[in-house]
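Worksheet for the structure shown next.
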Amino acid sequence: MTKELFAIFGNPVSHSKSPLMHNLAFKGLGIDGCYSRYKLNNGERLKEVFFALGLKGINITVPHKEHAYQACDELDPFAQKVGAVNTIVEKRGKLYGYNTDAPGFLKAIAEFEDVKSVLFLGAGGTAQSTAVILKEAGYEVTILNRSAGRLEKFKAEDFKTATFDTFVPQNYDLVINMTSAGLEDESLPAPQELLDMVIPHAKACVDVIYGKETPFLKLAKHHGKPTKDGSDMLLYQGIIAFEYFTDHQYTFNEIRHYMKKAFIL
Ligand code: NDP
């Protein structure tokens with residue numbers, strides 16, 4: 001059998017941990033696979049590049065998740081519902097699309113007990129798929145965003161929404177930063193006076209950004225709250241993608257055993 005090739009497509013993509021995560025799992029499980037990164041400038045060319053490189057599967061990151069959705073021949077029902085694909089697998093010449101970010105996030109917050117209400121700071125693509133899966137799992141999700149435009153699609157799906165100007169704070173069990181605020185700067189995802197009203201009532205605060213303590217998580221710690229960054233979300237979305245890449249031949253825990261080593265290096 002020839003080596004199977006996988007990659008992550010994005011722009012930028014040089015920072016991605018995915019090649020390390022997947023190659024550790026391939027090596028550990030004795031699979032003849034290789035996972036690399038590919039900087040895709042033009043998302044319209046995703047399908048053409050996929051086949052030109054002879055790939056078996058890819059992950060897709062910013063800004064190509066909607067292009068990935070368009071490129072698929074078949075969509076998993078959840079990916080279809082949320083309109084975003086971050087994992088593609090080729091089977092008999094057809095591209096099958098999945099979303100593993102949202103189930104990865106759902107699993108990452110499962111450790112917090114007695115959580116019912118959740119406040120999302122941010123309304124981008126990650127927030128959208130994640131809000132849908134949380135709602136399906138029984139959480140009450142409120143979306144707070146700095147501008148109104150991206151809230152429309154949430155309103156259409158009956159989520160409670162607000163901008164900073166219209167927000168009336170309530171008690172939320174989890175407050176979650178779903179924005180990129182703090183990723184490459186030291187900004188908070190919402191005005192501090194607003195965060196100071198909601199964080200004290202939360203059981204914990206979560207950030208989807210990983211690999212650094214963001215100003216949001218620093219503020220949560222200042223309020224004495226447990227915190228969690230986006231590392232488990234990244235790990236779990238990767239494990240679920242790997243399950244699709246290898247046609248569910250390995251259990252979640254078998255894959256996790258090797259893939260998690262990417263986070264101690
Ligand atoms: P999008 O570009 O789709 O959305 C960005 C959102 O953040 C918008 O709601 C935007 O508000 C808001 N925003 C951006 N900057 C600020 C700021 N300075 N202050 C307040 N709001 C801000 O991003 P994604 O949804 O794709 O990604 C969001 C985050 O999720 C990123 O940090 C990404 O790294 C992370 N992520 C983590 C993953 C993991 O595995 N841990 C997986 C996927 C994503 P507006 O509408 O007003 O512009």
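Criterion applied to Lys47, Lys81, Lys107 was being in the same structural domain as Val206 (by TED's automatic domain parsing), basic (Lys, Arg) and assigned to a helix (DSSP H, G or I), and the one residue passing it is Lys107.
Inside the stretch 227-248, can you point out the residues that are surrounded by fewer than 24 Cβ atoms within 10 Å (Cβ to Cβ) and more than 25 Å from Glu184 (Cα to Cα)? Within the stretch 227-248, Ile240, Glu243, Tyr244, Thr246, Asp247, His248 qualify.
Scanning the stretch 167-176 for any residue that is not hydrophobic (A, V, I, L, M, F, W, C) and not in a loop (DSSP other than H, G, I, E, B) turns up nothing. Please determine, by comparing only the residues of the stretch 99-116 that are surrounded by fewer than 20 Cβ atoms within 10 Å (Cβ to Cβ) and out of contact with any helix residue (DSSP H, G or I) (no Cβ under 7 Å at 6 or more places or on another chain), which one is nearest to Thr61 (Cα to Cα). Residue satisfying both the conditions and the ranking: Ala110. Against the list (1) assigned by TED's automatic domain parsing to the domain that holds Asp73; (2) without any contact (Cβ under 8 Å) to a residue 12 or more places away in the chain, the condition Leu95 fails is (2). Inspect all residues belonging to the stretch 83-90 and state whether any of them is out of contact with any helix residue (DSSP H, G or I) (no Cβ under 8 Å at 6 or more places or on another chain), at pLDDT 95 or above, away from the ligand (no atom under 14 Å from the Cβ) and not β-branched (Val, Ile, Thr). Looking for residues that are out of contact with any helix residue (DSSP H, G or I) (no Cβ under 8 Å at 6 or more places or on another chain), at pLDDT 95 or above, away from the ligand (no atom under 14 Å from the Cβ) and not β-branched (Val, Ile, Thr), one finds none in the stretch 83-90, hence no. Pairs meeting the criteria (first residue in the stretch 68-79 and in contact (Cβ under 8 Å) with a residue 60 or more places away in the chain, second residue exposed (fewer than 14 other Cβ atoms within 10 Å of the Cβ) and assigned to a loop (DSSP other than H, G, I, E, B), beta carbons under 9 Å, at least 6 apart or on different chains) are lacking.
Residues of the stretch 144-186 that are more than 9 Å from the ligand (Cβ to nearest atom), within 19 Å of the chain's Cα centre (by Cα) and more than 16 Å from Lys218 (Cα to Cα): Leu144, Lys153, Phe154. In the stretch 117-134, the residues that are at pLDDT 95 or above and assigned to a helix (DSSP H, G or I) form Cβ pairs under 8 Å with partners that are among the polar types (S, T, N, Q) and more than 9 Å from the ligand (Cβ to nearest atom), at six or more places apart or across chains, as follows: Ser129/Asn99.
Does Glu193 meet the test of being away from the ligand (no atom under 14 Å from the Cβ) and either more than 27 Å from Pro12 (Cα to Cα) or not in a loop (DSSP other than H, G, I, E, B) (or both)? Write out each step before concluding.
On the way: away from the ligand (no atom under 14 Å from the Cβ): yes; either more than 27 Å from Pro12 (Cα to Cα) or not in a loop (DSSP other than H, G, I, E, B) (or both): yes.
Yes: the conditions hold for Glu193.
Considered as a group, the residues in the stretch 59-68 that are crowded, with 21+ Cβ neighbours inside 10 Å and assigned to a helix (DSSP H, G or I) include one that is farthest from the ligand (Cβ to nearest atom), and that residue is Ala68.
When Glu113 is tested against (1) more than 11 Å from the ligand (Cβ to nearest atom); (2) at pLDDT 95 or above, just one condition goes unmet, and that condition is (2).
Residue by residue, here is whether (1) at pLDDT below 95; (2) crowded, with 21+ Cβ neighbours inside 10 Å; (3) more than 16 Å from the ligand (Cβ to nearest atom); (4) closer than 20 Å to Thr163 by Cβ holds:
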site: Leu188; (1), (2), (3), (4): no, no, no, yes
site: Tyr210; (1), (2), (3), (4): yes, no, no, no
site: Pro215; (1), (2), (3), (4): no, no, no, no
site: Lys225; (1), (2), (3), (4): no, no, yes, no
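The values are calculated or read from the model by the stated rules, or taken from the named source; none is laboratory data. Quantities reported herein were computed from a predicted structural model and do not represent experimental measurements. So basically every Cβ, Gly included, is an ideal-geometry build from the backbone, and we count neighbours across all protein chains shown.
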